[in-house]
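None of the figures in this text is laboratory data; all of them are computed from the coordinates on show. Everything numeric in this text was worked out from a predicted model, so none of it was measured. Note that we place each Cβ from the backbone using ideal geometry, even for glycine, and neighbour counts take in every protein chain shown.
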Amino acid sequence: MAGLATAFGSGAMTNSIAEIAGAETILVIGSNTTEAHPIVGLQVKKAVKKHGAKLIVADPRPIDLTRLADIWLPLKPGTNVALLNGMMKVIIEEGLEDQRFIAERTEGYEEFKKVIDALDLEETAQITGVSVSLIREAARMYAQAEKASILYAMGITQHSSGTGHVLSTANLAMLTGNVGKESAGVNPLRGQSNVQGACDMGCLPNVLPGYQKVSDAGVLSKFENKWNVPLSNKPGLTVTEMFHGALTGEVKGLYVMGENPMLSDPDLNKVKKALESLEFLVVQDIFLTETAKMADVVLPAVSFAEKEGTVTNTERRVQKMNKALESTGEGKEDWKIIKDLAGAMGYAMHYPAAENIFRELSGLTPIYNGITYERIDPHGIQWPCPSVHHPGTKYLHHRRFSKGLGKFSPVEYTPPAEIVDDEYPFILTTGRILFHFHTGSMSRRVFSLNEISPEGFLEMSAKDADYLGIESNEEVVVKSRRGKLKVKALVKKNFLAGTVFLPFHFHESPANILTNTALDPVAKIPELKVCAVKIEKIKK
Amino acid sequence: MDGKKIVLSINGKEITCGLNKTILDVVRENGIQIPTLCDCKNLAPFGACRLCLVEIEGIPKLITACSTIAVKGMKIRTESERIDKSRRFIVELLLSDHPFDCMFCEQAGTCPLQDLAYEYGMKNIRFPGEKRATITDDTNPFIERDNSKCILCGRCVRVCDEIQGVGAIGFIDRGFQTRIGTPFDRNLDCEFCGQCVASCPVGALTAKPSKQKGRIWQTRSVKTICPYCGCGCNLTLHVRDNKIISVTSDPDTLNEGYLCSKGRFGCDYVHHPDRLQYPLIKKDGQFIRSSWEQALTLVAMKFKEIKEQHGNDSLAGLSSAKCTNEENYLFQKFIRAVLGTNNVDHCARL
Amino acid sequence: MKVKKEQKPMDKGKKLQSIEELESLQQQAFDRYDPLRKRVRICMTGCLAHGADKVRDALVEELENQGMSKDIDLVETGCFGFCAKAPVVAIDPEDIHYQRVKPEDAGEIVSETLGKGNIIDRLVYFDKKANKRLPYTQDIPFYKRQVKHVLRNCGRIDPKRIDHYLLNDGYKALAKVITSLSPEEVIEMIKKSGLRGRGGGGFRTGLKWEICRRAAGSPKYLICNADEGDPGAFMDRGLLEGDPHSVLEGMLIGAYALGARFGYVYVRAEYPIAIDHLKIALNELKSLGLLGDNILGKDFSFHLKLKEGAGAFVCGEETALMASIEGKRGMPRPRPPFPAHKGLWGKPTNINNVETFGNVPLIILNGSEEYTRLGTEKSKGTKIFALAGRVNNTGLVEIPMGTSLRDIIFDIGGGIPKGRTFKAVQLGGPSGGCIPGDHLDVPIDYDSLINLGAIMGSGGMVVMDSANCMIDVARFFLEFIQIESCGKCIPCRIGTKRMLEILVRITEGEGKEEDISLLKELAEGIKITALCGLGQTAPNPVLSTIRYFLDEYKEHIFEKRCPASVCVPLIKFEVNRELCKKCGICKKVCPVGAVSWEKKMPAVIDKNICIKCKTCIENCPAQAIQ
């Protein structure tokens, strides 16, 4: 997100979901779209099957979309930058760049080009494990399309150099003029129902609602006036820093609303220690999650079906949620709990209903200014929507980037923080599967979903399985420098040798006990997609 | 559309319409009803159910409106004795191979075949005969197929292929014994998106978790947004006795009525017995039930204490990507305005 | 087994770059051919079922043993047509016709006929009417009344050798088209010839080509429909097995006329010999550059592939056939859009039947006018029929349009065997109908047959005699339809099932008074509402039998009697004493000893022992068991 904001001025999807079907070439990189974003996946399928679009899939795993792909680039985990730079090398070499777009709408091209010019494609092939000819073919396919769209997800961001990965996608789009028009752009797919909204609402340590910087005095005073309290202008801690802070004693009290870091965050043993080190932990959730179990106080919230409000989806569309059920226990809407707690702490909040909160937040958030409950019924509105007469924005950066000129950034490939060695010879990458969601607190409690997918698995190549003498369905031990777990092996024929995959939804085999906390220095995203592990057969 | 228009006539009335539209589209745009069973939004015309047959002047045969593009000057008739007779004939044939168990059928009340039978008053079938046996694949927890009710409109097969791109099912066998099934009759092993269930006009495909939970007219429907991934699919929750008994989606939304297995089948967790019912306070390592007042007072006290002892920045909050905008707004407002720190984040990065 | 070939094959592997090179190849074939040389021709297609391969082996061995293998050629040909007399062998240059040849006859054929020129009487056709042996092909009535245009090479040349085809004016029509005719002129010639689709519909081929040529879209496809599926029909098979090049030449001409760059021959997998011969022919054409890019150095390219169908009858329907080529289940789709506009892979496509393409080179070579000399006003040229059923001379016959059914069945076909009487002839397979004796003199053409409630169809002609029950015949076809219906549309899937159920109950003695009107009503409904031609015509066999044999239906329904003694539940298994010839055959054939018979006395069947196997009925010369 930080990467896209640097390049374009906004970190959100540049296009709408429906526009994907109109793209001529789609590059899916670091996204298992059909499993993690199935409905976005349908648009990719529509583009390919119905409109004859070309599809390039860059993924270490033979994900479902590779079936439909014209080109599958099975790159080694963590080498996105090298691959994208290689593609851009080909594009510049072959004169496929959009010179007019570069000249009129971007800055920093020359500096960026130096990095690309210095590249050796053979070396790129070495690093990525993808042949030069495939890189060439993919580059041409992408560059020659009138409308090319990039879809990415955590496979791009969850790296210690994730910002660089994101910047590379932006570079590629700008190089070919594939941004700022319908069906062409850079589209980070959001993993949860309201990630976009939580970001928009300022649940980030450095920005207030609407990405207004806490360090901006004018912004701060606007909020101070509205909220009637003095505010800190010092950017706060990110999740991973909070846990670090807990361990060092810097952070003493933590309030967790509807999150389960005890499964979702890297190096769970460290997370556990951090939570144990806290003086006071409050968890507000609908289930007694792994995290809630560690709390001093647990506050019962209600589910999505028992509340009213708005959520913002991955295409920046603000939509209305409606209350379908009455709460059966004493659980309350999260906003009511916050309101009551604020009251208990002597800060009175007066909101008779969710809509009153929305009115306040839209007034303070320029990109939400024109959005009202009335207007979003029934189809929602895509921000930015600066006034009540504005129809919302289908795609961003038309004619002008949010920040003015698009910015090329020179990005050099850096290897993942942890690389394989003799002791930990496999690259572990983690991710989502179709039938479960995030830490499984919801989907694991759905009878049918849990019946069809009751346990975790370790995907590995037939070659590696043969070498280790492991058969499909055999339970194995996976160890990293940080922890270990037991899980069944799932041997796959066309899986990249040397790489293994674990879904992180299962508390019985929690993938994040193994993962690395190495952070991207800018976005503070941990490197969940690459760490070194070993696999051991269980002796009978 | 490129704005070009053509003029044609329907039932003697002159009508202007856009280019490249099927006769069925044009007819429906003009508020004229034609019964259909195999027609389905977003799917290519199939022409199997033969109910949308219309007369076109100059063509001796009846033509299916769903598969024929309307052209300039066409003279279309949607009602005539021949058409009416044909439609009744089709419905009568379908009913001659139908179990007549509407009283147990999940589709009752939203079934177009039931509606047609009712409309035509077709209680007596002039050519009764063999009925297909029920072949049910009962191995998965989501979808049940009862081939005895299947009218072979092919909507499930087509949505699975054309939209979902999976192709898990197809037409099997021939003649009267033609049915829908999986290759080599293996157990259904697919993405379980349920697009097939949603597209089935009759009761041949049902969502298992919804079986016998309630009739359509006994439920209240509420539109909301899926609680899972960031696609933001629109859901319609069907509620009876404060329970979600089934989930559908309106075709007129960003997700065009399509859902994934989580959206369509994954709302049960709301009713799971593990749901937290009251506030808990941990004492000596054990959670004890508490009142809201007790719990909130304790939290407020502890937060104040830490704030006073260690400073504002010793407190932090993790908000939720699963909560609403209002709640996220309020959460960061609480952290910033009440706790006085910018230590607020959520799992956007995870 | 090593087979002595007639002559060395010509130089292959060199692509022909011009018309001149093709002509020189034709000349080469001609130069090497000696019309006076002795040849033995043997059908190695249909006759294989009667052991033609063993006969061939014996002939080769005898030629070797008797030292004649160098002087005499053995030619493996396609079907002669006279399948009733298989295996058939012919001796050239005299064109002596031997029938039902056994391997043991080989020695004598070689020594007597080939060596000394003597005719072996026992292998010669015996004309009962004339009480005469007829050793030469041209004298045998079965051949005499036929006009072999399309089948001209079948049984005459080795279909595996392009030089044989070249020798018989092969690819001359193609050369003519490429050198001197524009595509429009080709289409005009086909239009003028009046050629109509031989697959059954009878649509005008020239018009069909013109529509496709004018259709927008590229590339265009040309498909040969060789998914012959009517029960008892094997015209296309005979032509593909016996002379594949004539069909391929027709396709090349079609491709030129339409501007089609790609083509398919869709042939059913149950035709292994046809597939084999087609593959050989296609390879030969490719290596000569008669298929591929820039054929004969001209700006004309055509790529042709063989696609084997999986044996679904409905894949003979154009849209289902295209779905099958696309790898989908063979199911028809509604028309419009017609294949000429949106066909294979959504592109303009023209589909013609095998025999239709077989006619094309003839029209081009001899001119439209010459072609129209044969036939009736609206149906020109010849038509091939597969003559089957209760007729003496079963086989493949080609007759000019306008020939009467009587000529075909009684002259060419040699009448009804076992002294029984003619009852009806079924034309057009499951989409066709039965024509009774009253209409035998109607000249056959597309329109006259429709008037009679039948159709030309692809050429299946099944003769029925007094021992055929017409309700049983209708039931057979409906059963066929039910097995072959793709199940897509309701009228065909359920409607024909209901019709079949009614027919079954009539043949089982459970017929009801209203059944005939129910059948008619179902038939009408299905005709109007079914999706494809298969469904729309499926009721025809029932409608035509009701039209001509209503009494037989009534006897079944009201009297619970099957006059042909076919429907087992309706047979009393009693001997009609008046009809009984007192011959005792029934006693001899009864497998359970249920028949008692004394000389000069009518037989009696003990119903307690009888197992209703109908062996007595089938063998009774007098149809006395009812």
### Message
Just the number: Rg to Rh for the range B:293-349, Cα atoms, Kirkwood Rh, two decimals.
### Response
1.00
### Message
Please list 3J(HN,Hα) in residue order for the range C:196-208, calculated via the Karplus relation 6.51 cos²θ - 1.76 cosθ + 1.60 where θ = phi - 60°; whole Hz, with x for glycine and proline.
### Response
10, x, 8, x, x, x, x, 5, 5, 4, x, 5, 4
#### Entry: In Hz, Karplus ³J(HN,Hα) per residue of the range B:102-113 (6.51, -1.76, 1.60; θ = phi - 60°; x = Gly, Pro)
3, 5, 10, 7, 5, 7, 3, x, 10, 9, x, 6
### Task
Between the alpha-carbon centers of the range B:219-272 and the range A:254-301, tell me the distance in whole angstrom.
28
### 10 Å-binned pair-distance histogram of the range B:5-79 (Cα, whole percent)
21, 58, 21, 0
### Query
Can you put C:446, C:136 in order, fewest other beta carbons within 10 Å first?
C:136, C:446
### Inter-site label distance for residue B:242 and residue B:138 at 7 Å from Cα along Cβ, in nm
3.4
### Message
Could you list C:189, A:201, A:321 so that the one with the fewest beta carbons within 10 Å of its beta carbon is first and the one with the most is last?
### Response
C:189, A:321, A:201
### Query
What residues have an amide H closer than 5 Å to that of residue C:221, excluding those fewer than 5 places away on the same chain, when H is modeled at 1.01 Å from N in the peptide plane?
C:349, C:350
### Summary
Looking only at aspartates and glutamates whose Cα falls under 12 Å of residue C:191's and that sit 8 or more positions away or on another chain, we get C:210, C:369
### Query
Mean separation of Cα pairs under 8 Å and 6+ residues apart, divided by the residue count of the range C:162-372: what relative contact order is that in percent?
31
### Task
With N denoting the number of residues in the range A:201-279, provide Rg(C-alpha) divided by 2.2 N^0.38 Å, to two decimal places.
1.28
### Estimated FRET transfer efficiency (residue A:248, residue B:308; beta-carbon r; R0 22 Å; 0.05)
0.60
### Task
Round to the nearest 10 and give me the degree value, 0 to 90, for the angle of helix B:292-310's Cα axis relative to the longest principal axis of chain B.
60
### Task
Per residue, how big is the convex hull around the C-alpha atoms of the range C:162-372? Give it to me in cubic angstrom, could you?
111
### Query
What is the projected area of the convex hull of the Cα atoms of chain C, averaged over all directions, in nm²?
29.5
### Task
Starting from the amide H of residue A:54, placed 1.01 Å from N in the peptide plane, find each other amide H under 5 Å away whose residue is 5 or more places distant or on another chain.
A:25, A:26
### Summary
Total charge of the residues flanking residue B:49 in space, meaning their Cβ is under 12 Å from its Cβ, with Lys and Arg +1 and Asp and Glu -1, is +4
### Task
Could you please rank A:315, C:484, placing first whichever residue has the fewest other Cβ atoms within 10 Å of its Cβ?
C:484, A:315
### Query
Taking residue C:15 as the anchor, which lysines have their alpha carbon closer than 28 Å to its alpha carbon, excluding any fewer than eight residues away along the same chain?
C:4, C:5, C:160, C:172, C:176, C:220, C:279, C:286, C:298, C:305, C:307
### Geometric extent, Cα atoms of the range A:306-403 - Rg, Dmax (angstrom)
15.9, 53
### Task
Using only alpha carbon positions, build the gyration tensor of the range C:496-551, then give the equivalent ellipsoid semi-axes as the square roots of 5 times its eigenvalues, largest first, whole angstrom.
20, 12, 9
### Query
When every alpha-carbon pair in the protein assembly as shown is counted, what percent end up more than 58 Å apart?
38
### Query
If you take the alpha carbon radius of gyration of chain A and divide it by 2.2 N^0.38 Å, what ratio comes out, to two decimals?
0.97
### Task
Evaluate the relative contact order of the range C:382-465 (contact order divided by residue number), counting alpha-carbon pairs under 8 angstrom at least 6 apart; express in whole percent.
37
### Query
Using only Cα atoms, what Kirkwood radius does the range C:382-465 have, in angstroms?
12.2
### Query
Build a GNM of chain B with springs between Cα atoms under 10 Å: which of B:321, B:70, B:44 gets the top mean-square fluctuation?
B:321
### Query
Per Stokes-Einstein, at 10 °C and 1.306 mPa s, what whole-number D in µm² s⁻¹ belongs to the range C:463-559, with the Kirkwood radius over Cα pairs as the hydrodynamic radius?
120
### Query
What base-10 log of the normalised intensity I(q)/I(0) is obtained for the range C:572-626 from the Debye formula, alpha carbons as equal point scatterers, at q = 0.12, 0.16, 0.25 Å⁻¹?
-0.19, -0.35, -0.93
#### Entry: Net charge of Cβ neighbours under 15 Å - reference residue A:148; Lys, Arg +1; Asp, Glu -1
-4
#### Entry: Subset of C:128/C:418; C:85/C:132; A:45/B:208; A:50/B:208; C:208/C:342; A:76/A:488 violating a 20 Å alpha-carbon distance limit
A:45/B:208; A:50/B:208; A:76/A:488
### Message
For a distance above 24 Å, tell me the whole-number percent of Cα pairs in the range A:2-189 that qualify.
### Response
29
### Rounded to whole Hz, the Karplus (6.51, -1.76, 1.60) HN-Hα couplings of the range A:492-506, x for glycine and proline
10, 5, 9, 7, 5, 5, x, 10, 10, 10, 10, x, 9, 7, 9
### Query
Just how large is the dipole of chain B about the Cα centre, in debye to the nearest 20, putting +1 at every Lys and Arg Cβ and -1 at every Asp and Glu Cβ?
300
### Message
Just to confirm the number: angle between the C-alpha axis of helix C:183-193 and the first principal axis of chain C, 0 to 90 degrees, nearest 10?
### Response
40
### Query
Helix B:81-96: angle to the longest alpha-carbon principal axis of chain B, degrees 0 to 90, nearest 10?
60
### Query
Per-residue ellipticity at 222 nm for the protein assembly as shown, helices alone: DSSP H runs ≥ 4 residues times -39500 (n - 2.57), over residue total, nearest 500 deg cm²/dmol?
-8500 deg cm²/dmol
### Message
Quick check: net charge around residue A:516, other residues with Cβ under 9 Å of its Cβ, Lys/Arg +1 and Asp/Glu -1?
### Response
-1
#### Entry: Reference-scaled alpha-carbon Rg (2.2 N^0.38 Å with N residues) for chain B
1.36
### Task
With no solvent and one equal point scatterer placed on each C-alpha of the range A:94-229, evaluate the Debye formula and give log10 I(q)/I(0) for q = 0.17, 0.19 Å⁻¹, two decimals.
-1.10, -1.24
### Amide H partners (placed H, <5 Å) of residue A:381, local residues excluded
A:318
### Task
Translational diffusion coefficient, Stokes-Einstein: compute it for the range A:426-537 using the Kirkwood radius over C-alpha pairs as Rh, at 25 °C and 0.890 mPa s, and state it as an integer in µm² s⁻¹.
170
